[in-house]
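Encoded as C-alpha cells, the structure appears first; notes follow it.
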Amino acid sequence: MAKVCRVSLLLLATLAAVAYGQVDEVLKWQKVEYDVPTEVLQRENGYIPIGNIPMGAVHHKNRVFVAVARRRWGIPSTLNVVDISPPFPNTNVVLKPYPNFALNELRADLQPDANRIVTVYRPRVDRCDRLWFVDTGMMEIPGNFTVVQRPSVWSIDLNTNMPIHRFEIPKEAVETGYGLTSITLDVDPTDCEKVFVYISDLQTYRMVVYDYANKRAWRFLHNYFFLNPLEGDYLIQGINFAWDDGIFSIALGNQDPATKFRTAYFHALSSNSEFTVSTQVLRNETASQRSWHGTDFKLLGYRGSRSQSSIHAFDPETEVIFFALIQQNAILCWDSNKPFAPQNMAIVYKNDRDIVYPNDLSIDQDGYVWFMTNSIIKLLYTQLSLDDFNFFVWRANIKQIIKGSVCDPSSPPNVHSGQRFGDENNNDRVTFFEYKDKQGPGGGPYGGWGHGHPGRRP
C-alpha cells in the first residue's frame with residue numbers, strides 16, 4: 001500500500017508541471033528581503049514583507065534585475081539585482097538595490113527628485129548592454145495614491161552600472177505614470193543611439209512612444225487598445241474576479257530588410273485577441289494626432305478561449321512569440337510564420353501548482369525565454385502565506401522547448417488559415433461571482449490593493 005501511495009504522489013508531482021523540454025527553476029522566494037542599511041528596515045513603514053511583490057524580472061549575463069512596484073508601504077527599493085549561479089534554484093536570494101540604494105530611496109517628504117526613482121514594473125535589456133525602464137513616479141497605496149513626480153524613461157549602462165539617461169515624459173503624452181507597466185525597445189541594428197521605446201498605458205488605453213534620438217514623446221489612441229468586455233472575467237485558483245486592464249504588452253518582430261520597420265504585436269490583458277501595427281506608423285508623431293487610423297492597426301486573430309496573456313515576447317532567431325497565459329498557468333508559443341490560430345499554437349510549459357499569475361516574460365541574448373510568477377491573485381483575493389514559496393523565475397532554452405511542437409519552424413502548420421474571432425459557443429465567458437477581499441494579513445486592507453481606484457493593474 002505504501003508503495004502505491006509513493007507512486008501516486010510521484011505521478012501527481014509529475015502532472016503538476018508539464019513541459020515540452022527542460023525548464024529550469026532559477027529563482028524562488030518565500031518573501032522578498034533586501035540588502036539595505038538596518039536602520040532603513042527598522043523605520044516605520046520601512047519594510048513590510050507582505051507588500052513586497054516582484055512585478056518584473058529580466059536576465060543579463062548571470063544577473064537578474066527584479067522590480068518591486070511601490071503599491072504598498074514598506075518597500076525599501078523598487079529596482080534590484082541578484083546574481084545567479086548553478087545549482088538552481090537559487091532560493092530566497094536577497095535583493096540588492098540597483099544600481100545603488102541612493103537611487104531607490106524615497107525622500108522622507110516625498111518631494112520630486114530627478115536623482116531618485118519611485119516605482120518600476122518591468123525593466124528590459126537591449127543589445128547595447130543597457131537596462132531600460134519607466135519610473136511611474138507614483139506611490140500606489142490603496143486609498144492614498146500619490147504622484148511623487150512625473151513619469152520618466154531611464155537607461156543604465158550595465159557595464160558601468162551608471163545611469164546614462166533620464167527623460168521626463170511630458171503631460172501632453174501622459175497625465176500620470178499610473179498604468180505604465182511595460183516597455184518594449186526598438187533599437188536600430190547598427191546604431192545604439194537610434195532607439196524607440198513603446199510603453200503600454202493599460203489605464204487610459206493608450207500607447208506612448210518615446211523617440212530617444214530626438215527626445216520627443218507622443219501617444220496613440222485606438223479602440224484595439226481597450227479590453228474586450230466579454231473577456232474581462234477570470235477564474236484562477238478557483239477564484240472569480242474581473243479586471244478591466246487594456247493594452248498590456250507589445251512585442252516586436254524582426255526588421256523588414258526592405259522597409260527597415262518592424263511589426264508590433266500587441267494585446268490588452270483582458271482580451272484573447274492579438275493585433276498588429278507597423279512601427280512605421282508608431283514612429284510617426286504626426287500620425288499619432290489623427291482621429292482615424294484607417295487600416296494601419298489590424299486584427300491578427302484569436303488565441304483561444306481563456307488565453308488572456310500578460311506579457312509576450314518575440315524571439316528574433318526562431319521568430320516564435322511566447323505568451324504568458326494567466327488563466328491557464330502556462331506559457332504558450334506561436335511561430336509567427338504560420339497562420340495565427342489556436343491550432344497553430346502550443347503550450348510549452350504548464351505548472352498548476354507554482355504558476356499563480358505569470359506576470360513577466362522576456363527573451364535574453366543567449367536564446368532563453370525567462371518568465372516569472374508572483375502569486376498576486378492570492379494576495380488580492382485570498383491569503384498569501386510567507387511560509388510558502390510565492391515568487392518564481394524560470395528559464396528554458398527556446399530551441400529545445402519548441403522542438404517537435406507546432407511552434408518549431410521545421411514543423412508544418414496544423415491549419416492553413418488564421419482564426420479571427422472566438423467560437424460560436426461563447427466559451428470565453430466565465431460565470432462571475434464577486435469575491436470580496438479577505439480581512440487580515442495577505443488580504444483586505446493589509447494584503448489586497450483595495451477597490452477604491454479604477455483598475456487593479458496586476
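For segment 69-114, the candidate set comprises residues that are under 18 Å from Trp29 (Cα atoms) and without any contact (Cβ under 8 Å) to a residue 40 or more places away in the chain; within that set, the residue that is surrounded by the most Cβ atoms within 10 Å (Cβ to Cβ) is Ile75. Looking only at residues in segment 36-66 that are of a type in the set (S, T, N, Q) and assigned to a loop (DSSP other than H, G, I, E, B), the one that is modelled with the lowest pLDDT is Asn45. If I filter segment 363-374 for residues that are modelled with pLDDT under 95 and either hydroxyl-bearing (Ser, Thr, Tyr) or over 21 Å from Ser309 (Cβ atoms) (or both), do I get at least one hit? No, segment 363-374 contains no residue that is modelled with pLDDT under 95 and either hydroxyl-bearing (Ser, Thr, Tyr) or over 21 Å from Ser309 (Cβ atoms) (or both). Of all residues being farther than 19 Å from Pro123 by Cβ and modelled with pLDDT of 90 or more in segment 3-35, which is surrounded by the most Cβ atoms within 10 Å (Cβ to Cβ)? Just the residue, please. The extreme case among them is Val23.
Inclusion of Asp135 among residues that are surrounded by 16 or more Cβ atoms within 10 Å (Cβ to Cβ) and either free of Cβ contacts under 8 Å to residues at least 12 places away in the same chain or closer than 10 Å to Gly177 by Cα (or both) is warranted. Could you tell me whether segment 309-322 includes any residue that is closer than 17 Å to Glu231 by Cβ and open to solvent by 40 Å² or more (accessible area, probe 1.4 Å)? No, every residue in segment 309-322 fails to be closer than 17 Å to Glu231 by Cβ and open to solvent by 40 Å² or more (accessible area, probe 1.4 Å). Within segment 232-243, the set of residues being in contact (Cβ under 8 Å) with a residue 40 or more places away in the chain and either open to solvent by 60 Å² or more (accessible area, probe 1.4 Å) or at positive phi (or both) comprises Leu235, Gln237.
Given the structure, is Gln203 modelled with pLDDT under 95, open to solvent by 10 Å² or more (accessible area, probe 1.4 Å) and either assigned to a loop (DSSP other than H, G, I, E, B) or in contact with a helix residue (DSSP H, G or I) (Cβ under 6 Å, 6 or more places away or on another chain) (or both)? Yes: the conditions hold for Gln203.
Please tell me if Asn359 is over 28 Å from Arg127 (Cα atoms) and not hydrophobic (A, V, I, L, M, F, W, C). Judged against the criteria, Asn359 is not a match. Taken across segment 221-231, residues that are open to solvent by 50 Å² or more (accessible area, probe 1.4 Å), within 25 Å of Ala330 (Cβ to Cβ), out of contact with any strand residue (DSSP E or B) (no Cβ under 6 Å at 6 or more places or on another chain) and in a strand (DSSP E or B) do not occur at all. Scanning segment 348-389 for residues that are surrounded by 20 or more Cβ atoms within 10 Å (Cβ to Cβ) and part of a loop (DSSP other than H, G, I, E, B) yields Ile355, Val356, Tyr357, Asn374, Ser375, Leu384.
Collect the residues in segment 157-172 that are out of contact with any helix residue (DSSP H, G or I) (no Cβ under 9 Å at 6 or more places or on another chain) and surrounded by 15 or more Cβ atoms within 10 Å (Cβ to Cβ), keeping them in residue-number order. Working first, answer last.
So the first thing to find is which residues in segment 157-172 are out of contact with any helix residue (DSSP H, G or I) (no Cβ under 9 Å at 6 or more places or on another chain), and the list is 157-162, 164-172.
Result: Asp157, Leu158, His165, Phe167, Glu168, Ile169.
The values are calculated or read from the model by the stated rules, or taken from the named source; none is laboratory data. Since the model is a prediction, treat every value here as computed from it, not as a measurement. Counting neighbours? That spans all protein chains shown, and the Cβs are built from the backbone with ideal geometry, glycine included. Only protein heavy atoms, including side chains, enter the accessible area calculation; ligands, DNA and RNA are left aside. Shrake-Rupley method; radii C 1.70, N 1.55, O 1.52, S 1.80 Å.
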